[in-house]
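Just below is one structure, and these are the notes that go with it.
Nothing in this text is a laboratory measurement; each read-out follows from the coordinates by a stated rule. Note that the structure is a prediction, hence the values are computed from the model and not measured. Cβ sites come from the backbone with ideal geometry, for glycine too, and all protein chains shown count toward neighbours.
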Amino acid sequence: MLGRQEWGQDDLFVTGSLRDLIPDDYILKRVNKVLDLSWLREEVSNLYDETRGRPSIDPEAAVRLMLAGFFHGIVHDRKLMREARMHLGIRWFAGYRLHETLPDHSSLTRIRQRWGAERFKRVFQKTVKACMEAGLVDGETVHLDATLIRADVSWESLVERHAEQVIEENAEENEAKPPRRGRPSKGKKGKKVSATDPDASLTTSKNTYRMEPSYKQHTAVDDKAGVIVDVAVTTGEASEGKEMLAQMAEVEAATGRAIRTVTGDAGYAHASNYAAMEARATHAVIPPQAEARTARRIPLRRFAYDETHDVVRCPAGKRLTRSGRRRNGWVYRARAADCRACALRRRCFSECAAARSVLIVEGYPALLRARRRRRRWSERDVEAYRRHRWRVEGAHGEAKTQHGLRRAARRGLSNVAIQAYLTAAVMNLKRLAALLLRFFVRAWLHRDATVSSKGRLIELARENPDSKGAERVFTTAA
């Protein structure tokens, strides 16, 4: 018989719980079992007056709304609140009943401004701690990488900072001095910045790509289950190699364990980093940057550095000694008499110079040893670098394609950092929820009378060697 659906009359009452209308395999329903934000109210209580003013949005409800948006790839507040009005899952996850009015989108903006990036970082750090207690983090092998986040600015907002500064700083001087005669000199090209978001900087991830106003996210991913253990956001022009040691210190502080193996791409291949890894006995799987093979002059690799006696010898066997200090190393210079009679003079340095000089950066001996190791990487090193490419680079791809981190949703370094922290928290919660699902499936496969009981599920978690400590998660989730 052909059925008919009646839609003309709205229901006055809805029976049953909102939870019953949501599928059990819905991601927010699974995440709800492992998400703990009970600590948040006390964390932000000092930012509110308990005796005056209108009651604010519940802190946990606000964060749950933001997390629900990132789970669905919704990064803008207007779209999130519009979607939440129609989405039963988001409404239930945030704790709002069908008849309750959802907050205005501007309330989430004010919450971010009031709380600041550090409190959202605490939300991310709590997910790292939960993953550690569930046995998803061992802290021994960590993969480091950086990615660019396109700033939320237009090309029309780019201006040259240098020109504006010179005009302002030299206004009085130009009025006092008469104009210069002769041919005008070409002014130095200024640095372009965005007038609407000065924190963003022009940069590119490849020489063949055009430069765009961007931020840079520095990410550390644990090897065991792909949990993000640290996130930091800087301007786009910051070097990831210079952030390496600080980020490793953050990871060790979060996990409480010393990093034994660290991997990174050529952007981390600084001589100082190799030296620091040797000093702390950390195995660095970082390929050194390729040297230019088409240099017009004899390259530095042809000069032998004697670390014991602190001297450099040129290809002709002549000795170069220290002659001056630079910001990142020492300058070694040959004697003019030795270079004057050298047969390699024309190939070695310019005719305007009297002798050849080279710069030996800090940690240069460690860089030489890293180059020699690279030629004979072990199978373990090759495997670690292969895992680096799909662990941390895969995490960046996941964040950009599924959670909206390809472009900044708001302007300013603090706002972009908040977006990065919540995205990383969402990805960690996904891994924690996946662990919970695996244990439920494993428990179901046992098919005995006690398999559905809470105690049996916790017992199975304790018996699993790969997830030591996961019984805490299932104590509340089972």
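Given points 7 Å out from each Cα along the Cα-Cβ axis, report the Ser205 to Ser157 separation in nanometres with one decimal.
Label-label distance for Ser205 and Ser157, simple model: 2.1 nm.
What distance in nm separates the two pseudo spin-label positions at Trp390 and Leu98, each 7 Å out from Cα along the beta-carbon direction?
Spacing of the two 7 Å Cα→Cβ label points: 4.5 nm.
To the nearest 0.05, how large is the calculated FRET efficiency for Arg327 and Glu379 if R₀ is 45 Å and r is the Cβ-Cβ distance?
0.70
Fully extended, how many nm does the chain gain between Arg296 and Asp36 (0.36 nm per residue separation, minus their Cα-Cα distance)?
87.5 nm
Would you mind estimating how fast region 300-362 diffuses translationally, via Stokes-Einstein at 20 °C and 1.002 mPa s with the Kirkwood radius over Cα pairs, in µm²/s?
It comes out at roughly 180 µm²/s.
Taking every eigenvalue of the Cα gyration tensor of region 264-337, multiplying by 5 and rooting it, what semi-axes result, largest first, whole Å?
After scaling each eigenvalue by five and taking roots: 26, 17, 11 Å.
Quick one: if you stick a label point 7 Å off each Cα along the C-beta vector at Asp24 and Asp58, how many nm between them?
Reported label-point gap for Asp24 and Asp58 is 2.6 nm.
Please report, in whole Å³, the volume per residue of the convex hull around the C-alpha atoms of region 290-438.
Taking only Cα atoms, region 290-438 has a hull volume of 218 Å³ per residue.
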